[in-house]
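I have placed the structure first, in the form of C-alpha cells, so that the comments after it can refer back to it.
The values are calculated or read from the model by the stated rules, or taken from the named source; none is laboratory data. No experiment lies behind these values; they were computed from the predicted model shown. All Cβ positions, even for glycine, are placed from backbone atoms using ideal geometry, and neighbour counts span all protein chains on display.
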2 protein chains.
Amino acid sequence: MIANTPSPPYYAVIFTSVRKDHDPAYEAMAQKMAQLAAQQPGYLGMESAREAVGITVSYWQDEASIKAWKQQVDHQVAQQKGRQNWYSAYQVRVARVERAYGFSKP
Amino acid sequence: MIANTPSPPYYAVIFTSVRKDHDPAYEAMAQKMAQLAAQQPGYLGMESAREAVGITVSYWQDEASIKAWKQQVDHQVAQQKGRQNWYSAYQVRVARVERAYGFSKP
C-alpha cells in the first residue's frame with residue numbers, strides 16, 4: 001500500500017538492506033517491528049518491498065519521533081539481530097520530505 | 001544494490017507506485033529510464049524493489065537536478081505513459097537527506 005501521508009513537511013527514514021541466507025525468524029520479527037512502529041508517537045506510515053535489495057520507507061512527524069523509535073527497547077533488540085544474523089549490509093537515510101504529489105486512477 | 005551515496009546533505013526522490021496489469025513494454029521503459037537517469041547531471045544513485053508496491057528511490061545532488069530530470073523529454077513521455085497505461089496510483093516525495101549511516105559485513 002502507498003502510505004497516506006499528510007502534507008509536507010514530515011520525515012522519511014529510508015532503510016535499504018541486503019539480506020543474508022533465509023532465516024524463518026526474520027519475517028516474524030519484521031512483521032512485529034512494523035506493528036510496533038505503527039504504535040509509536042509521530043508515526044505516519046510505511047512502505048516496503050524487497051527484490052535484490054529491500055527498501056522500507058517509514059514516515060514520521062519529526063526527528064524526535066524517529067529518535068524515540070530508534071531507541072525503543074524491542075526495536076534495539078531487532079537492530080542487533082539484524083546486524084548479527086539477517087543483513088549483510090544496510091543503509092539508513094533520514095530525510096525531510098519537502099514536497100509531494102501523486103496520482104490515483106479514478 | 002545499495003546506492004553508494006556521498007555524505008549528506010543530498011536529495012532523495014521516493015517514488016512509490018502500484019502497477020496495473022502486466023504490460024511487457026513496462027520493463028523495457030523502466031530499464032531505459034534508469035539508464036537515462038544515471039546520465040543526468042547531479043545523479044547520485046538509485047535503489048528499486050517491487051512487491052505489492054514498487055519503491056524506487058533515486059538520489060540527487062540538489063533540487064535543480066531533480067527538476068531537470070523531471071522535465072527531460074524522454075522522461076516526460078514515460079511519465080505520461082505511466083499515468084495512462086502502467087500505474088493505478090503513485091506518490092512522489094522529494095526529500096532532503098540530512099543524515100545517513102550504514103553497516104556492511106566485513
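Some notes on this structure:
- Counted residues, region A:90-106 - those being more than 16 Å from the chain's Cα centre (by Cα) and of a type in the set (Ser, Thr, Tyr): 2
- Those residues of region A:51-89 which are under 15 Å from the mean Cα position of the chain (by Cα), within 10 Å of chain B (Cβ to nearest Cβ) and more than 25 Å from residue A:5 (Cα to Cα), in sequence order: A:79, A:82, A:87
- Verdict on residue A:72 being surrounded by fewer than 13 Cβ atoms within 10 Å (Cβ to Cβ) and among the polar types (S, T, N, Q): no
- The numbered conditions (1) more than 25 Å from residue A:22 (Cα to Cα); (2) touching a Gly at 6+ places or on another chain (Cβ under 8 Å) are all true for residue A:67 except (2).
- Top-ranked residue of region A:30-50 - restricted to ones that are surrounded by 15 or more Cβ atoms within 10 Å (Cβ to Cβ) and among the hydrophobic types (A, V, I, L, M, F, W, C), ranked as nearest to the chain's Cα centre (by Cα): A:46
- Looking across region A:53-85, the residues that are modelled with pLDDT of 95 or more and touching an Asp or Glu at 6+ places or on another chain (Cβ under 9 Å) come down to A:53, A:55, A:56, A:57, A:58, A:59, A:63.
- There is at least one residue in region A:34-47 that is closer than 20 Å to residue A:78 by Cβ, free of Cβ contacts under 8 Å to residues at least 60 places away in the same chain and within 9 Å of chain B (Cβ to nearest Cβ).
- Test for residue B:65: is it touching a residue at least 24 places away in the same chain (Cβ under 8 Å), in contact with a helix residue (DSSP H, G or I) (Cβ under 9 Å, 6 or more places away or on another chain) and either surrounded by fewer than 19 Cβ atoms within 10 Å (Cβ to Cβ) or among the polar types (S, T, N, Q) (or both): no
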